[in-house]
1. Looking at the range 195-216, which of its residues are surrounded by fewer than 18 Cβ atoms within 10 Å (Cβ to Cβ), of a type in the set (A, V, I, L, M, F, W, C), part of a helix (DSSP H, G or I) and without any contact (Cβ under 8 Å) to a residue 60 or more places away in the chain?
2. I'm trying to understand the selection: among the residues of the range 109-132, which are open to solvent by 40 Å² or more (accessible area, probe 1.4 Å) and of a type in the set (S, T, N, Q)?
3. What is the residue count in the range 22-34 for residues that are open to solvent by less than 40 Å² (accessible area, probe 1.4 Å), out of contact with any Ser or Thr (no Cβ under 9 Å at 6 or more places or on another chain) and without any contact (Cβ under 8 Å) to a residue 40 or more places away in the chain?
4. Where residues in the range 217-237 are open to solvent by 30 Å² or more (accessible area, probe 1.4 Å) and without any contact (Cβ under 8 Å) to a residue 24 or more places away in the chain, which of them is farthest from the chain's Cα centre (by Cα)?
5. All but one of (1) open to solvent by 40 Å² or more (accessible area, probe 1.4 Å); (2) modelled with pLDDT of 80 or more hold for R69, so report the exception by its number.
6. For the range 1-21, enumerate the residues that are more than 16 Å from G41 (Cα to Cα), open to solvent by 50 Å² or more (accessible area, probe 1.4 Å), outside any loop (DSSP other than H, G, I, E, B) and not polar (S, T, N, Q).
7. Please specify each residue of the range 217-241 satisfying the condition of being in a helix (DSSP H, G or I) and charged (D, E, K, R).
8. Pairs under 8 Å by beta carbon, first residue under 13 Å from L57 (Cα atoms) in the range 3-17, partner buried (at least 19 other Cβ atoms within 10 Å of the Cβ) and among the basic types (K, R), six or more apart or different chains?
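The values are calculated or read from the model by the stated rules, or taken from the named source; none is laboratory data. If you're wondering where the values come from, they're calculated on a predicted model, not measured in any experiment. Note that we place each Cβ from the backbone using ideal geometry, even for glycine, and neighbour counts take in every protein chain shown. To get the accessible areas, we keep the full protein, side chains included, count just its heavy atoms, and leave off ligands, DNA and RNA. Shrake-Rupley method; radii C 1.70, N 1.55, O 1.52, S 1.80 Å.
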Amino acid sequence: MDKITIVLVESHDLTRIGLINALKDFAYIEVIGEASEIQQGFNLIQEKNPDIVIIDLALFSTEEIEFIRQLKQFHSSEEKPLKLIVLMIESDEDSVLQAFALGADSYCLKNVSIDNLQQAIQVTHEGDSWIEPAIASIILEQAKKSYQKKTEDLNTKDIEKIEIEPLSPESQEIIDNSSLTDREMEVLELIVAGKNNAEIAEDLYISIGTVKTHVRSILAKLCVCDRTQAAVHALRSGLVN
């Protein structure tokens, strides 16, 4: 198995050193660069071209958020797309929404256990998203509020207007819940609950490989790119309550 290369951008020296030393226990993970401030981190990302960047949310201003989005987009057009894991001190609503503005692949609180962090690294490297349950619950609550508000704002003429407007292919796939098998629905419900592949496999008594197959199928059928989008679409469309 090839090593997963990491660049760690963390402002707190003790946290950064602690993470580097802890990740040394996992033979398939290699930290190839570290930085304590954002510009040094940007330079390392471009120089080292890592598989994954783990970055401290506290380092970002509005301008830097846009810069990292552009950097991620640039790397994603290459053969090896850049994966981004954001570290957050708190799971308050403002911090969570700021983290999602980065377009990151996975989201962890800074008090994440090292076992969960290495799992987040592995899951992210495989192309899935790893989201701390406390963070996922805030995003899903936001999706519910958005869906409820749209529902409350509808009146009879609005409903008639919506019925005659053409739907996008994505919306049509989401509404057509019969395209998902019963097992895929079970997996989707657990994704919405914030569970990772290992937890889903344990709950459904199936292998992690089978879970990954179901997740890929769900993403394809819902026309979404990752698990977070799948969860949000599921809630907005009423597939999962």
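1. Within the range 195-216, L204, I208 qualify.
2. Here is the first cut: in the range 109-132, the ones open to solvent by 40 Å² or more (accessible area, probe 1.4 Å) are 110-111, 113-116, 119, 122, 125-126.
Once the filter is applied, which keeps residues that are open to solvent by 40 Å² or more (accessible area, probe 1.4 Å) and of a type in the set (S, T, N, Q), the range 109-132 yields N111, S113, N116, Q119, Q122.
3. Summing the residues that are open to solvent by less than 40 Å² (accessible area, probe 1.4 Å), out of contact with any Ser or Thr (no Cβ under 9 Å at 6 or more places or on another chain) and without any contact (Cβ under 8 Å) to a residue 40 or more places away in the chain in the range 22-34 gives 0.
4. A220
5. (2)
6. Within the range 1-21, L14 is the sole residue that qualifies.
7. Step one: filter the range 217-241 for residues in a helix (DSSP H, G or I), giving 217-222, 227-237.
Passing the criteria: K221, R227, R236.
8. Sorted first by the residue in the range 3-17, then by its partner, the pairs are L8/R16; E10/R16.
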